[in-house]
Amino acid sequence: MRVIPKKLTPGEISGAVEKIRKKYEAYVTKYFKPKTLKEAFEERYVRALRARVDISSFLIAEISAIEELIRREEKKATAEPAKADAEKQQSIADRVVEENRKRIAKYPDIAFHPDASEEVRRLLGALSVLLRDRWEKLGDALQRTMYSMSSSEMLSLDSKLHSLAATDKEEVPQLLVRLVSQLRKFPRNYPQIERHEKEYILEAAFLLNDLVIVLERVRQVHADVTAESKKTIEETLAYVSQIVNDFRVKDFKRKS
């Protein structure tokens, strides 16, 4: 029976990361391997954190991978025949990151800073399309409903969207200013950068999920809107729901 690995505690996670780093250092030094192998692990680890994969499973897989590399070199050193792999296997983290990247690749990549994560850049792109190309038209469609742009709900969503998105590619939205400030500092504080990126994603998730609720209510309650307004509402709902699914933020909803 296959035993499912337990979830690691924060302390165990830190210990596992340090263990992997030391094993890579020993591997690189003892067997004259390129330092980029250790750097590649650091990059996979950062991507895994950003992609919110199961860190326990990721680290267990990474420990197994470096230990396997060491075992192979030990076999070579003792002149034992090494078994060739049929093909190179991608790590769990690499596969997850690649699947996520393909899902969000359809949205504009707004490079407000070249070192910002692709997830944040493309989420900004998705929200900016909503603001620039769909928001005014949606306001017209909602004009004769309880969610007109003068309602408290829509005024709040409008303010939030303007703080998250931009109509100009050169403009940095309010909720990304602190992230840009951190990215411009050297040496960089990576925990702070990660925190600001997560804050942006969370606030975007709240906005998107709140808007889905509003548009679903309008669709149910206001069946008497014009055909053109109905089409606009349906298309906007479909677009926003797609963003929610592609960026995997459906469960990030504001507490009532």
Counting pairs of alpha carbon atoms under 8 Å apart in space and at least six apart in sequence, what relative contact order in percent does the chain give?
-> 16 percent
For the range 5-63 the GluC sites (Glu not before Pro) that pass both the DSSP coil test and the at-most-15 other-Cβ-within-10 Å test are none
Under 15 Å from the Cβ of LEU183, count the other residues' Cβ atoms, weight Lys and Arg +1, Asp and Glu -1, and hand me the total.
-> +2
Say we join alpha carbon atoms closer than 10 Å with springs in a Gaussian network model of the chain; which of ILE70, ILE110, ILE243 then has the biggest fluctuation?
-> ILE70
Past the 27 Å Cα-Cα mark, which pairs from LYS19/LYS185; LYS102/LYS253; LYS19/LYS102; LYS102/LYS169; LYS22/LYS76?
-> LYS19/LYS185; LYS19/LYS102
Show which aspartates and glutamates lie in cross-link reach of LYS23 when reach means a straight Cα distance below 12 angstrom and same-chain residues fewer than eight apart are skipped.
-> GLU62, GLU67, GLU68
Checking ARG132, ARG72, ARG178 against a Gaussian network model of the chain (alpha-carbon springs below 10 Å), the top fluctuating residue turns out to be ARG72
Gaussian network model of the chain, springs between alpha carbon atoms under 10 Å - residue of ALA141, ALA238, ALA227 with greatest fluctuation = ALA227
Per the rule of 0.36 nm per residue minus the C-alpha distance, extending ARG52 to LYS185 adds in nm 45.4 nm
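Where a number appears in this text, it was derived from the coordinates with a stated rule and is not lab data. Owing to the predicted nature of the structure, the values given are computational and were not obtained by experimental measurement. Reconstructed Cβ throughout: ideal geometry from the backbone, glycine too, with neighbour counts over all protein chains shown.
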